[in-house]
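Report on the structure given below.
The values are calculated or read from the model by the stated rules, or taken from the named source; none is laboratory data. None of the values given here were measured: they were computed from a predicted structure. Methodologically, a virtual Cβ is constructed for each residue, glycine included, from the backbone with ideal geometry; neighbour enumeration extends over all protein chains shown. In case anyone asks, the SASA skips ligands and DNA or RNA and just uses the protein heavy atoms, side chains included. Shrake-Rupley method; radii C 1.70, N 1.55, O 1.52, S 1.80 Å.
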Amino acid sequence: MKKVCENWRTALNNVPFGIHLFPEFEKKAQLASAEVHRVKTVAEASAVVESILTAANVKNIVAVDSPLQQAANLLPYLAQKGFTLYTSAAEIAEHAEQSDCGISTVEFAIAESGSVCMDGMAYESRVVSMLPPLHIAFLPANRVVAGIQDAFDLFSHVFDRGYLSFITGPSRTADIERVLTIGCHGPCRFVIIAIEEEIAGGVE
């Protein structure tokens, strides 16, 4: 799958980051109506996702796989629990608009704004995060930078072309008579699964 940066973990060494910034990120993300679930191990993550999907009555899922999800055995686990999964580029393109949930992995978070950054070079990464009404994003919990300026400093080291997205809470707009509407242009729920356990060799 195409990415703007093939090794975000190494690229992060260009700016200060760390799990000590997570509490501020979590607070700001929740203020923006994101739901944050922090778990210690990858083994805990799949059960948390299953409970969220079951409570939301999710049946169909489009998912962009990642080493972090693989470490959690997420997709085989969800398939075993009876969820219908679409994971290939062709399946995602066909089913993203009708699916109940999109699952992705984001590169890092920003404490200042409660945002996460997604490498959206690949079409399937963009649509799983925008089209289904529920978006669940996996995040390595230690990858938090302090501010937006740090994020752009990082981009200056890796960006040549492509798409990068900041996601701050669920989709919202108030462009018509200042009436706030959630989920008008994207997901009405945004859930972050932050995993403290570091995967051997880093996670990309």
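Against the definition (more than 30 Å from Glu24 (Cβ to Cβ), surrounded by fewer than 21 Cβ atoms within 10 Å (Cβ to Cβ) and not polar (S, T, N, Q)), how does Glu124 come out, yes or no?
In short, no.
Going through the stretch 17-43 one residue at a time, which ones are among the polar types (S, T, N, Q) and outside any loop (DSSP other than H, G, I, E, B)? Write out each step before concluding.
Within the stretch 17-43, the first condition is being among the polar types (S, T, N, Q), and the residues that meet it are 30, 33, 41.
The answer is Gln30, and nothing else.
When you go through (1) surrounded by 16 or more Cβ atoms within 10 Å (Cβ to Cβ); (2) not in a helix (DSSP H, G or I) one by one for Ser46, which number turns out not to apply?
(2)
Within the stretch 78-90, take every residue that is among the hydrophobic types (A, V, I, L, M, F, W, C) and outside any loop (DSSP other than H, G, I, E, B) and give me the one that is nearest to Asp119 (Cα to Cα).
Checking each candidate, the answer is Ala89.
I'm trying to understand the selection: among the residues of the stretch 138-167, which are buried (at least 22 other Cβ atoms within 10 Å of the Cβ) and either among the acidic types (Asp, Glu) or closer than 15 Å to Ile103 by Cβ (or both)?
Those that are buried (at least 22 other Cβ atoms within 10 Å of the Cβ) and either among the acidic types (Asp, Glu) or closer than 15 Å to Ile103 by Cβ (or both): Phe138, Leu139, Ile167.
Condition first: without any contact (Cβ under 8 Å) to a residue 60 or more places away in the chain and among the hydroxyl-bearing types (Ser, Thr, Tyr). Now tell me which residues in the stretch 32-73 satisfy that.
Correct list: Ser46, Ser51, Thr54.
For the stretch 168-190, give me each residue that is surrounded by 13 or more Cβ atoms within 10 Å (Cβ to Cβ) and of a type in the set (A, V, I, L, M, F, W, C). Quick ask: steps written out before the conclusion?
Of the residues in the stretch 168-190, the ones surrounded by 13 or more Cβ atoms within 10 Å (Cβ to Cβ) are 168-173, 181-184, 186-190.
Matches in the stretch 168-190: Ile182, Cys184, Cys188, Phe190.
Which residues, counting only those in the stretch 150-171, are over 17 Å from the mean Cα position of the chain (by Cα) and of a type outside the set (Phe, Trp, Tyr)?
Result: Asp150, Asp153, Leu154, Ser156, His157, Val158, Asp160, Arg161, Gly162.
Enumerate the pairs (first residue in the stretch 148-176 and closer than 13 Å to Met118 by Cα; second residue anywhere and part of a helix (DSSP H, G or I) and of a type in the set (Lys, Arg)) with beta-carbon separation below 7 Å, excluding pairs fewer than 6 apart on the same chain, so at least 6 apart or on different chains.
Correct list of pairs: Tyr163/Arg126.
Looking only at the stretch 58-77, count how many residues are closer than 16 Å to Ile195 by Cβ and in a helix (DSSP H, G or I).
Qualifying residue count for the region: 8.
Can you tell which of Ile110, Ile92 is closer than 16 Å to Glu124 by Cα and either touching a Ser or Thr at 6+ places or on another chain (Cβ under 6 Å) or surrounded by 21 or more Cβ atoms within 10 Å (Cβ to Cβ) (or both)?
Exactly one of Ile110, Ile92 is closer than 16 Å to Glu124 by Cα and either touching a Ser or Thr at 6+ places or on another chain (Cβ under 6 Å) or surrounded by 21 or more Cβ atoms within 10 Å (Cβ to Cβ) (or both), namely Ile92.
Yes or no: His135 closer than 21 Å to Arg189 by Cα, modelled with pLDDT of 95 or more and in contact with a Cys (Cβ under 8 Å, 6 or more places away or on another chain)?
yes
Of all residues in the stretch 95-107 being charged (D, E, K, R) and surrounded by fewer than 24 Cβ atoms within 10 Å (Cβ to Cβ), which is nearest to Gly162 (Cα to Cα)?
Glu97
Select from the stretch 12-32 the residues that are aliphatic (A, V, I, L, M) and open to solvent by 10 Å² or more (accessible area, probe 1.4 Å) and write down the one among them that is nearest to Pro140 (Cα to Cα).
Ile19
Can you list residue pairs whose Cβ atoms sit under 9 Å apart, with the first residue in the stretch 16-31 being of a type outside the set (Asp, Glu) and the second being open to solvent by 30 Å² or more (accessible area, probe 1.4 Å) and in a helix (DSSP H, G or I)? Count only pairs 6 or more apart in sequence or on different chains.
From residues that are of a type outside the set (Asp, Glu), the pairs are Pro16/Asp150; Phe17/Asp150.
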